[in-house]
Amino acid sequence: MPTSASARVSSSPCSARQGAARPRQRTACFRPLAREEVELILDTADSFLEVSRREIKKVPTLRGRTVVNFFHEPSTRTRISFELAEKRLSADTVSFSVSTSSFTKGETLLDTLRNIEAMHSDMFVVRHAQSGAAHFIAEHAAPRVSVINAGDGRHAHPTQAMLDMFTIRRAKGPDFGRLRVAIVGDIMHSRVARSQIHALNVLNTGEVRVVAPKTLVPADAGALGVHVYHDLRAGIADADVVIMLRLQRERMQGALLPSEHEYYELFGVTEEKLAYARPDVTIMHPGPINRGVELTSDVADGPNSCILQQVTNGLAVRMAVLFLVNQAAAVQAKEQKSVIQWSGYIRA
Ligand code: CP
């Protein structure tokens with residue numbers, strides 16, 4: 001991030017670390033990323049897109065830096081994307097998975113953190129099933145360590161939202177004000193939806209819709225600045241972009257859906273239903289996709305699908321975020337300031 005955009009996240013607008021277990025007390029206020037900061041990430045990603053097309057896919061940007069990928073939840077895209085982004089920036093990288101770590105022998109998250117820090121790591125990339133986990137780790141990490149949120153519980157998945165904005169910008173151009181974007185699926189349990197809605201609003205998108213059964217939309221969805229639909233055809237009518245989301249069974253408590261088959265009948269996107277959207281509609285999905293539940297193969301693999309393009313773009317966006325966080329950390333170290341945390345919010 002640029003100097004002014006050193007970042008950490010909090011569920012409340014202000015946060016102060018309690019206790020004096022660490023050398024420096026950290027106190028900060030937070031505000032969401034502003035439009036120019038989102039655009040800086042997207043512009044920086046534009047310049048990194050080309051690196052992956054080279055024969056030698058490497059630049060020396062993070063040479064000598066050590067990045068630990070701290071994944072406490074299954075992941076395919078985000079984990080491989082971060083790992084490749086780090087390697088293409090020449091960082092030393094290590095990936096840590098809870099199922100093969102001493103966490104299974106009873107070691108706590110904090111003790112694990114202390115041990116990894118003791119090996120002089122510079123950055124943690126954190127994926128965790130609990131909302132707020134990246135913030136918790138950032139609050140307890142050594143002041144010299146930067147922390148990037150790679151998805152926490154239902155709360156946020158900021159790099160996914162940035163790569164989605166990047167994909168929309170490349171498909172539709174930079175004027176989000178003329179776009180109608182529909183997000184279809186399990187809004188209630190989706191960190192991706194929350195981060196996307198925030199980013200779409202920051203970019204002044206013409207209209208943001210959420211389309212889902214009543215049981216899968218938060219009661220306060222209207223307050224997020226979106227229009228809520230419970231009918232798929234109406235919800236995607238004349239949409240420029242349709243983003244589908246997976247049913248997140250692992251986060252559902254109780255019977256929120258009669259069956260996947262019924263969900264597919266009512267909310268699964270088929271070619272027939274897609275005819276209600278604009279003819280040049282861009283189809284997106286953060287993955288993993290469930291064919292025959294959220295969408296048919298015709299739609300997933302069809303000419304309007306940008307689903308694999310999202311994955312390609314994700315690598316460039318993560319290279320951009322790592323580059324900007326490292327740049328801000330270097331400036332802060334010079335100024336004897338504290339840790340950088342990046343979770344889609346910046347320290348004000
Ligand atoms: N989109 C996404 O976060 O995918 P993974 O869970 O596979 O990382």
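The table below lists the values:
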item: Qualifying positions in the stretch 226-247 - assigned to a loop (DSSP other than H, G, I, E, B) and of a type outside the set (V, I, T); result: H230, D231, A237, D238, A239, D240, L245, R246, L247
item: Looking only at the stretch 134-157, and only at residues there that are within 15 Å of the ligand (Cβ to nearest atom) and farther than 18 Å from R246 by Cα, the one that is farthest from the chain's Cα centre (by Cα); result: A134
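Quick note: the coordinates plus some simple rules give every number you see, no bench work behind them. Since the model is a prediction, treat every value here as computed from it, not as a measurement. Positions of Cβ are backbone-derived with ideal geometry, glycine not excepted, and every protein chain shown enters the neighbour counts.
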